Amino acid sequence: MKNQNEPIWDAIVIGGGVVGCAVHRKFALMGAKTLLLERGGDILSGASKANSALLHTGFDAPPDSLELTCIQNGYREFMEIKDRMNLPLLQTGALVMAWNEEQLSKLPDIVAKAHKNGVMDVEQIDKEEIYRREPGLAEGALGAVSVPGEAVMDPWSSPLAYLTQAVKHGAEYRFHCEVESGEFSDGMWTLQTKKGPFRARLVINCAGINGDVVESICHPSPFQIKPRKGQFLIYDKAAAADINAIILPVPTAVTKGVLLTKTIFGNLLLGPTAEEQDDRWKAEVDEEVLKDLIRQGSKMLPTLANYTVTATYAGLRPATEEKHYRIADYPEKQWICVGGIRSTGLTSALGVAQHIAQLYTENFSPLFELNPPQDIIWPKMPVLSDYHERDYQHEHNGGIVCHCELVTRREIEAVFDSDIPPECLGGLRRRTRAMMGRCNGFFCSNKVAEIINNRFENTLAVEELK
């Protein structure tokens, strides 16, 4: 049954993770009439909500790979647009640490790969230089690879900016809108969802952890998602002063390993683990695994024992049987698959979007008419970074509501007047940092509920706070 009130969309993007938001933005800026469908209550409801928040140079990506191209194109575009969108960046650089002779022997190959990938400022440094830069590290380091271009970004405001820019150019989105099935007939897709049917000339599958299930709507999926869980620890903000760069391990064949990094919000992050599991929705933390993670972190940075862990979280990466990105286009079915985007997705998202746009132009066009905007609108996102100027430092902000994260009343109210207001508590927290500090909302949740009640009595976020 067709929904006569729904338009026929040029393109429907399935999945509101960082890649889906970037692809949605790209097609909106190309002038396509585009809709994003997300099964969760907000963007970043799946794999994208739990990551290391690093902007990668691609120094360790597979040479001559699509992943490398997307990472480096995404890095360049982010650097070009970040100031226009008010997106903060912390330029820390990174050190790939060797703690034993075997790891030390691998450092020249890491440098050689970086240079082959065009990241020419990567160099090996000795232990004297390590401790000059990082005096707080444990004794015993033998050498490291310095990667100056690695940086720390805001993992939530960036994809929200991509979606916001898409909406400002006429694109739309639907949350709580899981795609359940679909039918392709007479050059048109009809997707059945929790909110009824939607029709489009082109479908772009960016469903992440559910990517193989969505892909099977078009054809037998050529890949299978094998969820890989990563658990993280967040230390109190004072701990962040004990390192300067991102501290990376020498990677193994299975994982890039456990890292230490500042976060853009002023904390110190330790993780992730790499654990295979069958369940693609449960991302639970395990006390014993976290204790082992603490032990691993303390071996690298002994002062961690002096600080409190203020939060833990876990996320699932949409790994497949093969390590490379599973991107493919099917012009005869008017379908593009964007699958298997794992830990590099936050950086590569804009580059992936460029690649998908190129695939459309070369293999599908003119499937629909494009009407690019004459003038590009650049939304300015609220800055949540502890290393940049914040709203609480300005007058008439309504007072600080969340004292752990220094969130003002004006910031909380503003998100409900934004182009993409939150529809769940997680969305509110990610947009403002309210209730995400060391007390986890113990002191401010009642005040937050009062503010929301005064503005939107029936909002879902209020119900979640009760």
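Brief remarks follow.
- Of the peptides 421-434, 403-416, 376-389, the order by per-residue mean of other Cβ atoms within 10 Å, starting with the highest, comes out as 421-434, 403-416, 376-389.
- In terms of distances greater than 29 angstrom between alpha carbons, the cross-link table entries Lys116/Lys323; Lys168/Lys282; Lys291/Lys380; Lys49/Lys195; Lys380/Lys447 yield Lys168/Lys282; Lys291/Lys380.
- Between the stretch 280-302 and the stretch 399-450, the Cα center-to-center distance that results, in Å: 28
- Surface share of carbon and sulfur [accessible, 1.4 angstrom probe, percent] for the chain: 49
- Ordered from largest to smallest accessible area (heavy atoms of protein chains, 1.4 Å probe), the residues Phe232, Phe184, Phe443 come out as Phe443, Phe184, Phe232.
- Shape call, the chain: gyration tensor on alpha carbons, a/c limit 1.5: oblate
- The stretch 391-452: relative contact order as a whole-number percent, Cα under 8 Å and 6+ apart: 32
- Area of Lys262 that stays accessible when all protein chains are in place (1.4 Å probe, Å², to 10): 30
- Cα gyration tensor, the stretch 391-452 - rounded (a/c under 1.5), prolate or oblate: oblate
- Dividing the mean sequence gap of close Cα pairs (under 8 Å, 6+ apart) by how many residues the stretch 1-137 holds gives a relative contact order of 19 percent.
- Annotation: peptides 61-68, 237-244, 122-129, ranked by per-residue average of other Cβ atoms within 10 Å with the highest first, follow the order 237-244, 61-68, 122-129.
- Helix-only arithmetic for the chain: the sum of -39500 (n - 2.57) across DSSP H runs with n ≥ 4, divided by the residue total, places the mean residue ellipticity at 222 nm at -9500 deg cm²/dmol.
- Straight-distance crosslink candidates among lysines, where the alpha carbon sits under 16 Å from Lys113 and sequence neighbours closer than 8 are dropped: Lys256
- Short-range pairs are left out: with C-alpha atoms under 8 Å and at least six residues apart, the relative contact order of the chain is 21 percent.
The values are calculated or read from the model by the stated rules, or taken from the named source; none is laboratory data. Computed from a prediction, not measured in an experiment: that's the story for all the values here. As a convention, Cβ positions derive from the backbone with ideal geometry for all residues, glycine included, and neighbour counts pool all protein chains shown. Protein only, heavy atoms only, side chains kept; ligands, DNA and RNA dropped before computing areas. Shrake-Rupley method; radii C 1.70, N 1.55, O 1.52, S 1.80 Å.
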